[in-house]
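**Q** One structure is given below, represented as structure tokens, and several questions about it will come after.
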Amino acid sequence: MTNPHSGPDVPVRPLDPWSGAGAPHTPYNLVIALIALVQLINTADFMLVGVALPSIGRDLAVSNTLAGWVVSINALTYAGFVMLGGRLSDLIGQRRCTIFGLALFSLGSTLAFLSPRIEFLLAARAIQGVGNAIMCPATFAMLNTLLPPGPIRNRGYGVYGITQGLSTLVGAGLGGVFTTAFGWRSVFLLTLPFALSAIAIAFLAVPKASAHRTRRALDYWGAVLITGSTTLLILGLSSLHRPGWIGAPDGAGSLVAGAALLAVFLLVEGRLKDPLVPLKMFSFPAVMTSNLAIGCGVAATTGLMLLVNLYMQRVLGYSAMQAGFGIIPFAVGGIIGGQCLGLFLSRFSIRANALTGFGIYLAGILFFGSLSSTDGYLAHIGPGLAVAGFSSVFGLLAAMARATAAVPHDDQGAASGIVYVSQKLGRAVGTSVALTVLAACAAQQLDIVVSYRVSFVALGGLLALALLGLALPTRPVATADIVPLRPRASGAGEA
């Protein structure tokens with residue numbers, strides 16, 4: 001038996017231990033639970049802190065801008081270190097990176113809870129971001145390295161998608177309740193039980209790294225260059241919507257410097273024996289087009305959440321809490337989308353699932369683009385959010401699976417790191433596109449509802465770009481990691 005995604009020096013991992021055909025020491029249900037817990041921690045933390053921001057600003061007596069850095073510093077350290085975290089999981093093992101990342105995140109959470117001043121809180125949030133950057137790509141890589149192709153891996157992807165929706169519910173719901181009842185510090189303790197449980201599961205369920213992994217060198221220069229490049233790019237993209245962007249320290253200069261560092265990074269990586277990011281993985285067209293789709297999809301989702309929240313408060317007159325609960329249909333749709341994806345991956349190619357999800361998502365975004373001044377929440381916003389939640393999780397997760405399906409096991413961490421960088425860049429782009437178009441419409445003195453309609457359509461353009469990339473013809477991979485249960489007449493190897 002051979003593994004088409006392993007090199008000649010990589011031991012073949014047998015398949016299903018419960019069927020008698022695989023390694024008897026990998027409890028797959030526990031691995032899936034670990035992947036879900038890390039995803040829950042990652043997503044819920046973002047939602048929890050976002051809800052608590054106003055209370056943080058009031059209690060620590062800081063401006064809204066400085067309070068906003070409680071979210072921004074976490075996002076920057078996460079994005080800056082995620083490629084390094086992904087590569088570390090390839091070099092020293094997913095088990096070690098998961099445990100270390102969770103421990104670092106837990107330390108940051110504890111320090112955030114104890115922070116007496118904003119400076120301490122920002123440092124604690126930076127530590128949390130680094131922890132996220134180490135644990136997230138390691139656990140996502142487990143989907144393709146520890147779970148065998150077929151029903152078990154499909155179930156893993158489905159649970160991962162379901163957790164996206166559950167995380168939104170947990171973050172938005174519990175964040176408001178705990179902040180109101182116990183103060184903003186309490187939100188940093190909410191994820192600690194999940195993190196400690198995940199550490200215990202990682203010790204029990206994840207096998208130790210093979211000895212051959214430790215003999216590969218870490219590309220320190222590549223780590224420095226990609227960390228600096230990603231941080232500067234996200235700073236520049238996040239400030240696109242601000243007045244005076246070109247002359248601002250985090251404006252055009254950040255983008256130019258980030259692009260220059262990225263160019264140097266690519267030159268350095270092409271000359272190294274053990275690069276941080278093996279450029280050979282970009283020889284698979286599916287890696288490039290899928291990461292483009294991921295970035296565009298996350299951008300559309302980020303912009304959609306921002307615009308819908310603003311619309312509910314500024315146009316429909318909702319309070320912040322009402323607007324928060326108004327997002328629930330999106331979360332419920334995401335839970336259903338994750339469940340459906342786990343089933344559909346067994347019957348259709350990964351690309352077909354991604355195209356279907358993004359196609360429905362584009363229709364949902366354009367539905368928001370048909371808003372009228374007489375439409376309320378029940379007639380338009382609620383149904384649109386349910387469709388968007390379903391299709392965004394369905395399409396994005398299929399694109400994430402496609403972005404890593406053809407990558408060898410020893411490079412799965414790096415491939416997962418690229419996926420998370422695409423998400424972070426997409427989040428910055430989505431915020432800027434939504435706010436820039438909305439501001440441009442206001443400058444033209446357009447009706448407020450028309451302004452939102454135009455902004456939604458602009459987000460639809462990002463999804464159209466994602467669909468175009470996914471639809472481009474690619475050569476079939478040797479073997480799809482997600483094996484359909486029912487053979488197709490043609491294109492069976494198409495990812």
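**Q** Which count do you get for residues in segment 278-322 that are touching a residue at least 60 places away in the same chain (Cβ under 8 Å) and part of a loop (DSSP other than H, G, I, E, B)?
**A** Number of matching residues: 4.
**Q** Related question: Please state which of the following conditions Leu261 fails to meet, knowing it meets all the rest: (1) under 26 Å from Ser229 (Cβ atoms); (2) within 23 Å of the chain's Cα centre (by Cα); (3) part of a helix (DSSP H, G or I).
**A** (2)
**Q** For segment 342-360, enumerate the residues that are over 21 Å from the mean Cα position of the chain (by Cα) and outside any helix (DSSP H, G or I).
**A** Scanning segment 342-360 gives Ser346, Arg347, Phe348, Ser349.
**Q** Look at Ala36 and say whether it is modelled with pLDDT of 90 or more and surrounded by fewer than 20 Cβ atoms within 10 Å (Cβ to Cβ). So that I can check it myself, show each step before the final result.
**A** Working: modelled with pLDDT of 90 or more: yes; surrounded by fewer than 20 Cβ atoms within 10 Å (Cβ to Cβ): no.
The answer is no for Ala36.
**Q** Is it true that Ala112 is buried (at least 19 other Cβ atoms within 10 Å of the Cβ), in the same structural domain as Val187 (by TED's automatic domain parsing) and modelled with pLDDT under 85? Quick ask: steps written out before the conclusion?
**A** Details: buried (at least 19 other Cβ atoms within 10 Å of the Cβ): yes; in the same structural domain as Val187 (by TED's automatic domain parsing): yes; modelled with pLDDT under 85: no.
Against the criterion (buried (at least 19 other Cβ atoms within 10 Å of the Cβ), in the same structural domain as Val187 (by TED's automatic domain parsing) and modelled with pLDDT under 85), Ala112 does not qualify.
**Q** Shifting gears a bit: Going by the structure shown, is Gly297 in the same structural domain as Gly334 (by TED's automatic domain parsing), within 25 Å of Leu462 (Cα to Cα), small (Gly, Ala, Ser) and at pLDDT 75 or above?
**A** Values: in the same structural domain as Gly334 (by TED's automatic domain parsing): yes; within 25 Å of Leu462 (Cα to Cα): yes; small (Gly, Ala, Ser): yes; at pLDDT 75 or above: yes.
Yes: the conditions hold for Gly297.
**Q** Suppose we keep only residues that are more than 19 Å from the chain's Cα centre (by Cα) and among the polar types (S, T, N, Q) within segment 312-341. Which one would you say is surrounded by the fewest Cβ atoms within 10 Å (Cβ to Cβ)?
**A** For segment 312-341, the residue satisfying everything is Ser319.
**Q** While we're here: Under the condition of being assigned to a helix (DSSP H, G or I) and among the basic types (Lys, Arg), which residue from segment 108-161 is nearest to Gly413 (Cα to Cα)? Even if it seems obvious, please write down each step before you answer.
**A** Pass one, segment 108-161, residues assigned to a helix (DSSP H, G or I): 108-114, 118-145, 151-161.
Filter once more, so that each one left must be among the basic types (Lys, Arg): 125, 153, 155.
On the way: Arg125: 24, Arg153: 17, Arg155: 20 Å.
Going through the qualifying residues, I end up with Arg153.
**Q** If you go through segment 366-399, how many residues are out of contact with any Phe, Trp or Tyr (no Cβ under 7 Å at 6 or more places or on another chain) and assigned to a loop (DSSP other than H, G, I, E, B)?
**A** 6
Here's the yes/no breakdown for (1) outside the structural domain of Arg314 (by TED's automatic domain parsing); (2) more than 18 Å from Tyr452 (Cβ to Cβ); (3) crowded, with 19+ Cβ neighbours inside 10 Å:
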| position | (1), (2), (3) |
| --- | --- |
| Gly359 | no, yes, no |
| Gly364 | no, no, yes |
| Ser372 | no, no, no |
| Gly376 | no, no, no |
| Leu385 | no, no, yes |
| Ala388 | no, no, yes |
| Ala399 | no, yes, yes |
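**Q** While we're on this one: Sort through Ser254, Ser290 and tell me the only one that's farther than 25 Å from Ser89 by Cβ and of a type in the set (S, T, N, Q).
**A** Numbers: Ser290 fails: farther than 25 Å from Ser89 by Cβ.
Only one candidate qualifies: Ser254.
**Q** Of all residues being among the polar types (S, T, N, Q) and modelled with pLDDT of 90 or more in segment 121-162, which is nearest to Tyr78 (Cα to Cα)? Just the residue, please. Break it down into steps so the answer makes sense when it comes.
**A** Filtering segment 121-162 for residues among the polar types (S, T, N, Q) gives 128, 132, 139, 144-145, 154.
Then drop every residue that is not modelled with pLDDT of 90 or more, which leaves 128, 132, 139.
Working: Gln128: 8, Asn132: 6, Thr139: 15 Å.
Going through the qualifying residues, I end up with Asn132.
For every residue, the table says whether it meets (1) surrounded by fewer than 18 Cβ atoms within 10 Å (Cβ to Cβ); (2) at pLDDT 85 or above; (3) not assigned by TED's automatic domain parsing to the domain that holds Arg427; (4) not small (Gly, Ala, Ser).
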position: Arg58; (1), (2), (3), (4): yes, yes, yes, yes
position: Ala61; (1), (2), (3), (4): yes, yes, yes, no
position: Asn64; (1), (2), (3), (4): yes, no, yes, yes
position: Gly68; (1), (2), (3), (4): yes, no, yes, no
position: Ile73; (1), (2), (3), (4): no, yes, yes, yes
position: Ser89; (1), (2), (3), (4): no, yes, yes, no
position: Ile92; (1), (2), (3), (4): no, yes, yes, yes
position: Cys97; (1), (2), (3), (4): no, yes, yes, yes
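**Q** Another question, then. Hey, any hits in segment 241-252 for a residue that's modelled with pLDDT under 85, outside the structural domain of Ala443 (by TED's automatic domain parsing), in a helix (DSSP H, G or I) and charged (D, E, K, R)?
**A** Initially, segment 241-252 is screened for residues modelled with pLDDT under 85, giving 241-252.
Narrowing the set further to residues that are outside the structural domain of Ala443 (by TED's automatic domain parsing) leaves 241-252.
Then keep just the ones that are in a helix (DSSP H, G or I); that gives 252.
Subsequent filtering for residues that are charged (D, E, K, R) retains none.
Checked against the condition, which is being modelled with pLDDT under 85, outside the structural domain of Ala443 (by TED's automatic domain parsing), in a helix (DSSP H, G or I) and charged (D, E, K, R), segment 241-252 yields no hits at all.
**Q** Among (1) surrounded by fewer than 17 Cβ atoms within 10 Å (Cβ to Cβ); (2) within 16 Å of Arg87 (Cα to Cα); (3) modelled with pLDDT of 70 or more, there is one condition Asp219 misses while meeting the rest; what is its number?
**A** (1)
The values are calculated or read from the model by the stated rules, or taken from the named source; none is laboratory data. Predicted model only: the values in this text are computed from it and were never measured. A quick note on method: Cβ atoms are made from the backbone with ideal geometry, for glycine too, and the neighbour counts reach across all protein chains shown.
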